[in-house]
Amino acid sequence: MSTVIAQTAVVDPRAKLGKNVRIGHFCVIGADVSIGDDTLVEDHVVVSGVTSIGEGNHIFPGVVIGAHPQDTGYRDSPTRVEIGDGNTFREHCTVNRASEKEEGVTRIGNDNFFMIGSHVAHDCCLGDRIVLANNCLLGGHVHVGNDVTLAGGVAVHHFASIGQLAFVGGMSRVLQDIPPYMLTDGSPARPRSCNVVGLKRHDYPREDIEILTKAYKLLYRRRVGIEVARTELLGMGPIRPVLKHLFDFIDHSCGGRNGRGRDRRKAAA
C-alpha cells in the first residue's frame, strides 16, 4: 500500500516517509523527520526537530514528539529523538528532543507502550517492552531498562535509573535508582518484594527467582549490607547472571549522587 496523507495535514516536503505510512488530519511533520514503514500517525500529531521514528509504530491523537527540551540552558541546537519499531503512543504523550548535556539524543527502543499523558523528557534512554501507564513522568536523563512497568502517575527524578524487569507501583515518587527485578512502591519508592510475577511471565527459571528473592530479603528486610549479602549469596553455588546484574546495578547506584548512579554532578557549594 502507498503512503496516505490527509488533506489537512502539513508535511514538509523534505520529511522522509516510508511505505504504507498514514498521516491523519491536522498533523504537522517537520523537515528533519523520518518515519518508517507501516507507521500510523493519527490526527493532531506534531513531529518536529531531528526525529527518527521506526517501523510499525502507532501514534494516537495529540502526541508531540521532538519538541524543544524543557531545559532553560537549551540553545536550539540540532539534538535528536530516535524511536525504534512497534511502539504505541497513546493520546497526548510527549517526547522531548535532547539537550546538549550528554549524547544529544533522546532514545526509545522497540515494542513499548506509552499510555495517555505520559512524558519522556530530554536525554532519556529507554529500552524495549516498557509500559508507562497514564500520566507517568520521566525527568531528564532518566534511563529505563527492558521489560519495566510503571503504573499510573509515577514520577521519576532526573538522572534516576530503573533496572530491567522492575515494577513501580502507582503514584510512586522515584528519587533514587530502582534495582532490577524488584517491585517497588511508595513516596519515595522503596523495594517491597522481588517481582516474582514479572519474572514468571518472562519465563525466568525457578533458580533465578529463588536467588533474587533471597537477595531481596537480605538487602531490604534484614538489611545486612551489600558486602555481607554479596558474600553470602555468591557463596551459595554457581553465580547466576541475574544476581551479578543486581549487584553490579547496586554498586553503580552507590557511586552516584543521592542514590542515583548516573548523577555524578558535584554538589553545589
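Computed from the coordinates by the stated procedures, all read-outs in this text should not be read as laboratory data. As the structure is a computational prediction, the values presented were derived from the model and not from experiment. Heads up, the Cβs are rebuilt from the backbone with ideal geometry, glycines too, and the neighbour counts pull from every protein chain shown.
For residue 69, are the conditions met, namely being touching a residue at least 60 places away in the same chain (Cβ under 8 Å), within 25 Å of residue 103 (Cβ to Cβ) and in contact with a strand residue (DSSP E or B) (Cβ under 6 Å, 6 or more places away or on another chain)? Judged against the criteria, residue 69 is a match. Consider segment 58-79 and keep the residues that are among the β-branched types (Val, Ile, Thr) and assigned to a strand (DSSP E or B). The one that is nearest to residue 21 (Cα to Cα) is 59.
Within segment 114-121, identify whether any single residue is small (Gly, Ala, Ser) and more than 14 Å from the chain's Cα centre (by Cα), and answer yes or no. Checked against the condition, which is being small (Gly, Ala, Ser) and more than 14 Å from the chain's Cα centre (by Cα), segment 114-121 yields at least one hit. Within segment 109-136, being surrounded by fewer than 24 Cβ atoms within 10 Å (Cβ to Cβ), within 25 Å of residue 252 (Cα to Cα) and touching a residue at least 40 places away in the same chain (Cβ under 8 Å) holds for 121, 128. Hey, any hits in segment 221-234 for a residue that's of a type in the set (A, V, I, L, M, F, W, C), surrounded by fewer than 17 Cβ atoms within 10 Å (Cβ to Cβ) and in contact (Cβ under 8 Å) with a residue 24 or more places away in the chain? Checked segment 221-234: at least one residue is of a type in the set (A, V, I, L, M, F, W, C), surrounded by fewer than 17 Cβ atoms within 10 Å (Cβ to Cβ) and in contact (Cβ under 8 Å) with a residue 24 or more places away in the chain. Within segment 80-136, the set of residues being touching an Asp or Glu at 6+ places or on another chain (Cβ under 8 Å), farther than 24 Å from residue 169 by Cβ and not in a loop (DSSP other than H, G, I, E, B) comprises 105, 106, 107.
Would you please name the residue that is surrounded by the most Cβ atoms within 10 Å (Cβ to Cβ), looking only at residues in segment 137-170 that are small (Gly, Ala, Ser) and outside any loop (DSSP other than H, G, I, E, B)?
Ranking the qualifying residues of segment 137-170, first place goes to 161.
Residues of segment 1-18 that are in contact (Cβ under 8 Å) with a residue 24 or more places away in the chain and either more than 15 Å from residue 53 (Cβ to Cβ) or not in a loop (DSSP other than H, G, I, E, B) (or both): 6 alone.
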